[in-house]
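S.K.: Supplied in structure tokens, the structure appears directly below.
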Amino acid sequence: MPGSSLMGTYSHNIDAKGRMNFPTKLRESLGDSFIITRGLDGCLFVYSREEWAVMEEKISSMPLSKGKNVQRFFFSNAAEIEADKQGRILIPAHLREYAGLEKDVMVIGAVNRAEIWDKDRWNKLNDSFSEDMLTEAMDELGF
């Protein structure tokens, strides 16, 4: 159902045309069509239409002097995506290039969005996490 928390890590391949199977559980949470755009740290962000509307609202409420670059980064590169009958999605070339997606990709659930990563980038990011860094972040949240 749209709006559910997105969780999990899934390994997939992307073909030369930019098509990949998108995890069923994430498609069920995101809905029939969803938005893919450039993300932070060299990945792609994937939002349900509802979460995209929340993001639009938050970013458009920023003063233009502060929000213009954020608007440009996310909105000028966004694409609406629908899975085909086999559950495959087509990622536009400019987004594949941005995220370095060529063959092995990881799709992860990140609470209110999914992320699509080049597998090597994802592994390097995970290797950079330290227990101390995570403990400090959890302390800030009161855990």
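The values are calculated or read from the model by the stated rules, or taken from the named source; none is laboratory data. Quick caveat: nothing in here was measured; it's all calculated off a predicted structure. Note: ideal-geometry Cβ built from the backbone for every residue, glycine included; neighbour counts use all protein chains shown. Ligands, DNA and RNA are stripped out before the accessible areas are found, and what is left, the full protein with its side chains, is counted by its heavy atoms. Shrake-Rupley method; radii C 1.70, N 1.55, O 1.52, S 1.80 Å.
S.K.: Could you please let me know if E80 is over 15 Å from N21 (Cα atoms) and free of Cβ contacts under 8 Å to residues at least 40 places away in the same chain?
M.R.: Taking the combined requirement at face value, the residue does not satisfy it.
S.K.: List pairs: first in segment 94-108 and hydroxyl-bearing (S, T, Y), second open to solvent by 20 Å² or more (accessible area, probe 1.4 Å), Cβ under 8 Å, 6+ apart or cross-chain?
M.R.: So the pair list comes out as Y98/R38; Y98/N77.
S.K.: Considering each residue of segment 27-40, count those that are touching a residue at least 24 places away in the same chain (Cβ under 8 Å), more than 17 Å from T9 (Cα to Cα) and loosely packed, with under 15 Cβ neighbours inside 10 Å, and give that number.
M.R.: Number satisfying all stated conditions: 2.
S.K.: Could you tell me which numbered condition V70 fails, if it satisfies all but one of (1) β-branched (V, I, T); (2) under 30 Å from D15 (Cβ atoms); (3) at pLDDT below 95?
M.R.: The single condition V70 does not satisfy is (2).
S.K.: Go through the residues of segment 3-17 one by one and say whether even a single one is closer than 14 Å to G109 by Cβ, open to solvent by less than 50 Å² (accessible area, probe 1.4 Å), modelled with pLDDT of 90 or more and not in a loop (DSSP other than H, G, I, E, B).
M.R.: Within segment 3-17, one or more residues are closer than 14 Å to G109 by Cβ, open to solvent by less than 50 Å² (accessible area, probe 1.4 Å), modelled with pLDDT of 90 or more and not in a loop (DSSP other than H, G, I, E, B).
S.K.: Same structure again: Take the residues of segment 41-73 that are part of a helix (DSSP H, G or I) and among the hydroxyl-bearing types (S, T, Y): which is most open to solvent (accessible area, probe 1.4 Å)?
M.R.: If we take residues in segment 41-73 being part of a helix (DSSP H, G or I) and among the hydroxyl-bearing types (S, T, Y), then S65 is most open to solvent (accessible area, probe 1.4 Å).
S.K.: Which of the strands (runs of 3 or more DSSP E) contained wholly in segment 74-140 include at least 3 residues that are aromatic (F, W, Y) and surrounded by 12 or more Cβ atoms within 10 Å (Cβ to Cβ)?
M.R.: none
S.K.: Within the set of pairs 6 or more residues apart or between chains, which connect a residue that is within 16 Å of I116 (Cβ to Cβ) inside segment 42-67 to a residue that is of a type in the set (S, T, N, Q) with Cβ atoms less than 8 Å apart?
M.R.: Hits for this filter: L44/T37; F45/T37; Y47/T37; Y47/N112; S48/S29; E51/N112.
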